[in-house]
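The values are calculated or read from the model by the stated rules, or taken from the named source; none is laboratory data. Source: prediction; values computed, not measured. So basically every Cβ, Gly included, is an ideal-geometry build from the backbone, and we count neighbours across all protein chains shown. Keep in mind that these areas ignore ligands, DNA and RNA; they rest on the heavy atoms of the full protein, side chains included. Shrake-Rupley method; radii C 1.70, N 1.55, O 1.52, S 1.80 Å.
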Amino acid sequence: MNTQSRIKKSKQMIRLVRPFEVSTSDLIYPIFVREDGRRFEIPSMKGQEYLSLNDAVNTCQKAVDLGVPAVMIFGVIKGKDADGSVALRKDAFHLKIFKKLKAEFGENLVLISNVCLCDFTKGEYCVYTENGKVQNEKTAEMLGKIAAVQAEAGADVIAPAAMADGQVRHIRSALDKSGFDDVAIMSYIKTDSCLFQPFFSAMTQSETPRVGVDSSKFRIDIINEKMYMQKVDLDVSEGADMVIVKPALTNLDLIAKVKQQYPNVPIAAYQVSGEYAMLKLLSEHAHFNEDTLLMETLNSIKRAGADMILTYYALHVASLISHSRERASGP
Ligand SMILES: [Zn+2]
């Protein structure tokens, strides 16, 4: 008999020698809160719902009860405008979300704000453009302003999603100047991917396709690891406290690479809407168990080096973990 056989002798032995298990404290739950207050299933993301602000309070309470430490907030507003300045109005819906959730949950739940122009602009573009060119500074400056008002309303973490160069620098400076130097920045670093599509369908309100510039001009070419690491270098040097690798499944090697180069920077991985949809579809049409497949993917993301995982399954995973603890047996 060799070591392999000895350490695989029983289920408990296998658990004992594990270097990690996905735990509830790793999870971040993304939620979609609608200003029009309508609650219904998101057509492109079966099993996930749009929430009213009151529903969001109930959902966040569930997260707290299950021990999930954080939510990522996506606000779906009624009246977008040309340049997104609706985000800065005193009665902006996002500010209401943060005020309400902060008042309800205080320090019991980390409120992460997804900050991007597309949440507020009529054309639903992520960055300002001029003659087909990305206006990085102008975009980053606006993201800084949005970050500052959202921090004032109660956001604990700002997650800039526009991928504009300089966005972390502008946001850090805007937060510090407004007295929110305790608000962290968790910077999205995305490869260009079709796996975002179900999410875009969920967030898009207009019948017409999104306008502006080709996303390959501000996201990273999935084939190019050097281009990816350049962006990580930039965002970390500008003051990102944490980074989000997105999507997770197609970028496991990049998670490992970021961990290797930045061992002291917490890494989140985003199991995006397309990954969620794939898991749902596969489980429906193939002969295996959805939970088994789900835990397999989450554990591979953890093994690659993620400290945190954003997943639409967060509450489900938390309840699976709590049930498996009750049964006192391994997953
Ligand atoms: Zn965007």
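Mind listing whichever residues of segment 40-58 are touching a Phe, Trp or Tyr at 6+ places or on another chain (Cβ under 7 Å) and exposed (fewer than 13 other Cβ atoms within 10 Å of the Cβ)?
Listed by number, the list holds a single entry, Phe40.
Return the residue satisfying two criteria in turn: it lies in segment 59-78 and is assigned to a loop (DSSP other than H, G, I, E, B) and under 26 Å from Ala140 (Cα atoms), and of such residues it is least open to solvent (accessible area, probe 1.4 Å).
Here the residue is Ile77.
Would you check if Asn54 is within 21 Å of the chain's Cα centre (by Cα) and either of a type outside the set (Asp, Glu) or part of a helix (DSSP H, G or I) (or both)?
no
Looking at Lys190, is it open to solvent by 10 Å² or more (accessible area, probe 1.4 Å), within 16 Å of the ligand (Cβ to nearest atom) and part of a helix (DSSP H, G or I)?
Spelling it out, it is not the case that Lys190 is open to solvent by 10 Å² or more (accessible area, probe 1.4 Å), within 16 Å of the ligand (Cβ to nearest atom) and part of a helix (DSSP H, G or I).
Can you name every residue in segment 255-269 that is part of a helix (DSSP H, G or I) and under 15 Å from the mean Cα position of the chain (by Cα)?
Listed by number, the list holds a single entry, Ile255.
Is it the case, given these coordinates, that Ala155 is more than 16 Å from the ligand (Cβ to nearest atom), of a type in the set (A, V, I, L, M), modelled with pLDDT of 95 or more and more than 30 Å from Gly67 (Cβ to Cβ)?
no
Does at least one position in segment 280-298 carry a residue that is surrounded by fewer than 16 Cβ atoms within 10 Å (Cβ to Cβ) and of a type in the set (Ser, Thr, Tyr)?
Yes, because at least one residue in segment 280-298 is surrounded by fewer than 16 Cβ atoms within 10 Å (Cβ to Cβ) and of a type in the set (Ser, Thr, Tyr).
Under 8 Å between Cβ atoms, which residue pairs at least 6 apart in sequence (or on different chains) link something in segment 96-122 that is under 14 Å from Val183 (Cα atoms) with a partner that is away from the ligand (no atom under 16 Å from the Cβ) and open to solvent by 50 Å² or more (accessible area, probe 1.4 Å)?
Here the result reads Leu111/Lys102, each pair linking segment 96-122 to a residue that is away from the ligand (no atom under 16 Å from the Cβ) and open to solvent by 50 Å² or more (accessible area, probe 1.4 Å).
Starting from segment 303-323, take each residue that is over 26 Å from Pro263 (Cα atoms) and list its partners that are among the charged types (D, E, K, R), counting only C-beta distances under 7 angstrom and pairs at least six apart or across chains.
Cβ pairs passing all conditions: Leu315/Lys62; Leu320/Asp291.
Just one of (1) at pLDDT 95 or above; (2) more than 15 Å from the ligand (Cβ to nearest atom); (3) of a type outside the set (Asp, Glu) trips up Thr208, so point out which.
(1)
Would you confirm whether any residue within segment 136-144 is part of a strand (DSSP E or B), buried (at least 19 other Cβ atoms within 10 Å of the Cβ) and within 15 Å of the ligand (Cβ to nearest atom)?
Looking through segment 136-144, none of the residues is part of a strand (DSSP E or B), buried (at least 19 other Cβ atoms within 10 Å of the Cβ) and within 15 Å of the ligand (Cβ to nearest atom).
Filter segment 79-135 down to the residues that are in a helix (DSSP H, G or I) and small (Gly, Ala, Ser), then identify the one that is farthest from the ligand (Cβ to nearest atom).
The extreme case among them is Gly106.
So which of Asp176, Asp181, Asp165 is of a type in the set (Asp, Glu), at pLDDT 95 or above and not in a helix (DSSP H, G or I)?
Result: Asp181 is the single residue among Asp176, Asp181, Asp165 that is of a type in the set (Asp, Glu), at pLDDT 95 or above and not in a helix (DSSP H, G or I).
Got a sec? Which of Ser85, Ser23 is among the polar types (S, T, N, Q) and more than 21 Å from Ile267 (Cα to Cα)?
Selected residue: Ser85, the only one of Ser85, Ser23 that is among the polar types (S, T, N, Q) and more than 21 Å from Ile267 (Cα to Cα).
Of these, Asn224, Asn251, which one is polar (S, T, N, Q) and either open to solvent by 70 Å² or more (accessible area, probe 1.4 Å) or touching a residue at least 60 places away in the same chain (Cβ under 8 Å) (or both)?
Going through Asn224, Asn251 in turn, just one is polar (S, T, N, Q) and either open to solvent by 70 Å² or more (accessible area, probe 1.4 Å) or touching a residue at least 60 places away in the same chain (Cβ under 8 Å) (or both): Asn251.
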